[in-house]
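The values are calculated or read from the model by the stated rules, or taken from the named source; none is laboratory data. For clarity, every value in this text was computed on a predicted model and none was experimentally measured. Note: ideal-geometry Cβ built from the backbone for every residue, glycine included; neighbour counts use all protein chains shown. Surface accessibility is based on the protein's heavy atoms, side chains included, excluding ligands, DNA and RNA. Shrake-Rupley method; radii C 1.70, N 1.55, O 1.52, S 1.80 Å.
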Amino acid sequence: MSLELKEISKRIDGQTHIYPTSMTLEPGSFNVLLGTTLSGKTTLMQLMAGLEKPTSGQLFFNGVDVTNTKVQNRNVSMVYQQFINYPNFNVFDNIASPLRVAGLPDAEIKSRVGRFAELLRLSPMLQRKPSELSGGQQQRIAIARSLVKDSELILLDEPLANLDFKLREELRDELPKLFAEKNCVVVYATTEPVEALLFGGYTAALHEGRVTQFGSTGSIYREPDDLISAKVFSEPPINTANVKKQGAEFVLANTIRWKAPDALAGLPDATYIMGLRPHLVGPQAHGKQSVQIEGEVLIAELSGSESILHFTFDDNTWVSLAHGVSTAKIGEHSTFHADVSDAFYFHADGKRIRA
């Protein structure tokens, strides 16, 4: 089943929640909606499901206009971040409920429920009520109920957010494999760029109700069309600063210079915006074209394998993401090295300058 959005928009009380959006999601595809809280991910999913009616535009399933088709008449499953279960049913009956509504034989129901209960580690608690389980376990019930139904469209609205770290990592690996066996369209909403990269497939970057870019996940990360898409797809936040093009060089903070990429040599001399992902900034010189910068450390986030340092530089707050444990102290000036060979360059309006 293909899902096509044609200029779909949503306005509520005079405010635009989703600006006109056009996308085609192919059968068997895994699609990620990536954006911050309130970027429009849930509203866009509700429009896809038929839970909300668009203010304008059309929605097509397999070429059939379903814009005004009620959600009850669509073969759709949706899982929210906050679990929703039937409190009077045990775990088995919660998972089996859509299969019973569909009239499947008992043997088929038992087989399907058993498979997904095993995957989500619910097998030992099939006879228990949701109220007897933890929040994470109850969310797993909701996910299993969505998976067990053979839906053409499966919408997952940050479904792993309330699970413990280990199970979340396992499910991130398993979910795409599960759906690879089906010919359905999967849409998964998340605020985490790393999660989108782990899933692969296709990603729509959302910002304030607009899909700023849609395409293969890897291509959007490597080749953002604009500064907003680059920001949406960067955690920690992408570093930005104004740079001047002077002849064959770019100049940062009036004193730091490097050779412009050959493809940008003909770019007119002017002020542009440079974007540099945090992993390209660190305490050691690395990469093809490293320049040295200095700044005052504001925040130090340390883990066993990496260090994230926030520091002031050129009237901006920059972020360094490096392997190992940093010895930098808050309030002190530290030297950093930035690999500008993989920098992005943008016009003043945020549009990407292609090298």
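Annotation for region 150-253: GluC sites (Glu not before Pro) lying in DSSP loop with at most 15 further Cβ atoms inside 10 Å of their Cβ are Glu181, Glu208.
When Met78, Met48 are compared by accessible surface with a 1.4 Å probe, the order from highest to lowest is Met78, Met48. Glu26 contributes about 100 Å² of solvent-accessible surface, heavy atoms of the protein only, 1.4 Å probe.
When ligands, DNA and RNA are left out and all protein chains stay put, how many square angstrom of accessible area per residue does region 1-144 have with a 1.4 Å probe? The partial results should precede the final answer.
Values: 7190 Å² over 144 residues.
Heavy-atom SASA per residue in region 1-144 reads 50 Å².
Take Tyr202: with every protein chain present and a 1.4 Å probe, its accessible area is about 100 Å². Each Lys and Arg adds +1 at its Cβ and each Asp and Glu adds -1 at its Cβ; summed about the Cα centre, region 198-355 shows a dipole of about 360 debye. Helix 106-119 and the longest principal axis of the C-alpha atoms of the chain enclose an angle of approximately 30°. Only one residue of Gly35, Met48, Val91 has its Cα farthest out toward the positive end of the dipole of region 1-127, where Lys and Arg carry +1 and Asp and Glu -1 on Cβ, and that residue is Val91.
Excluding ligands, DNA and RNA, the accessible surface per residue across region 196-355 is 49 Å² with a 1.4 Å probe. Compared with the dominant Cα axis of the chain, that is its longest principal axis, helix 91-101 is turned about 70°. Taken about its Cα centre, the chain carries a charge dipole of roughly 780 debye when the Cβ of each Lys and Arg holds +1 and the Cβ of each Asp and Glu holds -1. Magnitude of the charge dipole for region 1-97, about its Cα centre and with charges confined to Cβ atoms of Lys, Arg (+1) and Asp, Glu (-1), is about 140 debye.
Between the alpha-carbon centres of region 257-328 and region 118-180 there is a gap of 39 Å. By DSSP, the beta bridges lying fully in the chain are antiparallel in about 80 percent of cases.
Figure note: Tyr19, Tyr345 ranked by solvent-accessible area, largest first, 1.4 Å probe, ligands and nucleic acids not counted: Tyr19, Tyr345. Rounded to the nearest 10 square angstrom, Ile273 shows an accessible area of 30 square angstrom against a 1.4 Å probe. If you fit an axis through the alpha-carbon atoms of helix 165-180 and take the longest principal axis of the Cα set of the chain, what angle between them do you get, 0 to 90°, nearest 10? Value to nearest ten degrees: 70.
Using a 1.4 angstrom probe on heavy atoms only, work out the carbon and sulfur share of the accessible area of the chain in %. Walk me through the intermediate numbers first.
Numbers: 8350 of 16990 Å².
Its accessible area is 49 percent carbon and sulfur atoms.
Tell me what the chain gives for mean residue ellipticity at 222 nm when only DSSP H runs of n ≥ 4 count, each as -39,500 (n - 2.57), the sum divided by the residue total, rounded to 500 deg cm²/dmol.
On the way: 8 runs with 83 residues, N = 355.
Calculated from helices alone, the mean residue ellipticity at 222 nm is -7000 deg cm²/dmol.
Please report how far the C-alpha centroid of region 192-243 lies from that of region 39-64, rounded to the nearest whole angstrom. For region 192-243 versus region 39-64, the Cα centre distance is 22 Å.
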